[in-house]
Amino acid sequence: MKLREYEAKKVLKDSGIPVPAGVLIRSADELAAHLDEIGETIVLKAQVDVGGRGKAGGILMADKGNAVTVARDLFGKQIKGLPVREILAEQKLDIRHEYYLSITVDRARKAPLILFSDIGGVEIETTAQERPDAIRRAVAMPLMRDLPPFMLRELAGNASGDVAPIINKLYRIFCEKDALLAEINPLVVTPQGVFAADAKIIVDDNALARQGIKVNRDLSEREREAEKHGFSYVELDGSIGVIGNGAGLTMSTLDLIEYYGGRAANFLDVGGGAESERVMNAVRLVASVPSVKVIVVNLLGGITRCDDVARGIIAAGISQKVIVRLAGTNEAEGRKLLFEKGYEMLDTMDLVVKKAVEVVA
């Protein structure tokens, strides 16, 4: 789950990384009481869960005289379709230089990867493509609490002397917060010192409970419903709903849909031992996606009983066409139940997927 900027900056501040003076507001009128503590020139940042908010008009400059009016205008906007309900009002920094700093997971090495560049700011992606040598890299051993001094020196290079300790502090945050990404872009030099002008932290969804986070804001309503039922579920952008049991079988179904020219609307793995009520909830969840025109149910009965699967499909009572492939435990009984209710069943995954692609063509 991605923390919002004000949440990420609080984590940084609590760990000793300087951040600009600022306040979170939920209405323009709240800002008036904090103008003196922020400063003469103010940056108003919409706290919305999208990237590129600056280019989309989500970051505005103001001064003490017009800050409340500008904040009111920003609250009235939508940034990439999202309404602005929170604004971080911050002191405008006198920036002399910008750095880029991030820590992420190197999946190949199964270790934290630290990236640092003397060139920070909004064009860091372009810098990475056009000047990869401008970004210094280091891989940390996962069990290290602190980065060794030689690694900090190599990463920081000729940067300000305050930068190396900040790299180490961000590394600690990355480890302690179970992060998949901890980023400061830009990390800026000002006459008053080095500050994190922006911050991004993404916490591993599997560690939310350990981090005391009760609600994953990044989930859609259907993804949240799937989590409640214990389904592995991902929303996609196609029109063919997919329900399988086992990640491999479900992914294979998605791959076959793509192969035959279709587009899957979702990935849903009901897991092993799926009883009729669980299957019913899965079918109804997939059917609730507006773009779904047909649903493929592709299940192998081991500990899952095909007759229970059939009863769940029937109980769902959805309007979309459901094409089924069942094989395994109590297969004959499951087929019989579905046949009596008029459901289309085919013998192989290949035939089921072909038929589904034909339906939506």
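The values are calculated or read from the model by the stated rules, or taken from the named source; none is laboratory data. None of these values were measured; they are calculated from a predicted model. Virtual Cβ from ideal backbone geometry, glycine too; neighbours counted across all protein chains shown.
Would it be correct to say that L35 is at pLDDT 95 or above and buried (at least 16 other Cβ atoms within 10 Å of the Cβ)? For L35, the condition - at pLDDT 95 or above and buried (at least 16 other Cβ atoms within 10 Å of the Cβ) - is not met. The residue that is nearest to I167 (Cα to Cα), among those in region 123-156 that are out of contact with any Lys or Arg (no Cβ under 9 Å at 6 or more places or on another chain) and charged (D, E, K, R), is R153. None of I124, I114 is in contact with a Phe, Trp or Tyr (Cβ under 7 Å, 6 or more places away or on another chain), buried (at least 19 other Cβ atoms within 10 Å of the Cβ), of a type in the set (V, I, T) and within 30 Å of E40 (Cβ to Cβ) except I124.
Restricting attention to region 139-159, the residues that are in contact (Cβ under 8 Å) with a residue 60 or more places away in the chain and among the polar types (S, T, N, Q) total 0.
From the residues in region 82-92 that are aliphatic (A, V, I, L, M) and over 15 Å from K9 (Cα atoms), which one is surrounded by the most Cβ atoms within 10 Å (Cβ to Cβ)? Selected residue: V84.
Checked against (1) among the acidic types (D, E); (2) under 20 Å from G161 (Cα atoms); (3) not assigned by TED's automatic domain parsing to the domain that holds I166, D73 meets all criteria but (2). Is there any pair with a first residue in region 26-51 that is assigned by TED's automatic domain parsing to the domain that holds E86 and over 17 Å from Q91 (Cβ atoms) and a second that is among the basic types (K, R) and at pLDDT 95 or above whose Cβ atoms are under 6 Å apart and which are 6 or more apart or on different chains, and what are they? As it stands, the answer is A28/R72, since those pairs meet every condition given. Would you check which residues across region 38-53 are among the aliphatic types (A, V, I, L, M), modelled with pLDDT of 95 or more and touching a helix residue (DSSP H, G or I) at 6+ places or on another chain (Cβ under 9 Å) and list them? Result: I42, L44, A46.
Within region 247-281, the set of residues being farther than 21 Å from K354 by Cα and part of a loop (DSSP other than H, G, I, E, B) comprises V270, G271, G272, G273, A274, E275.
Being without any contact (Cβ under 8 Å) to a residue 60 or more places away in the chain, aliphatic (A, V, I, L, M) and within 19 Å of D269 (Cβ to Cβ) is the filter here; which residues of region 319-351 pass it?
V322, I323, V324, L326, A327
In summary, helices (runs of 4 or more DSSP H) completely within region 125-239 and bearing 1 or more residues that are under 30 Å from I323 (Cβ atoms) occur at 221-229.
Considering only region 65-81, state which residues are of a type in the set (F, W, Y) and exposed (fewer than 12 other Cβ atoms within 10 Å of the Cβ).
Of everything in region 65-81, nothing turns out to be of a type in the set (F, W, Y) and exposed (fewer than 12 other Cβ atoms within 10 Å of the Cβ).
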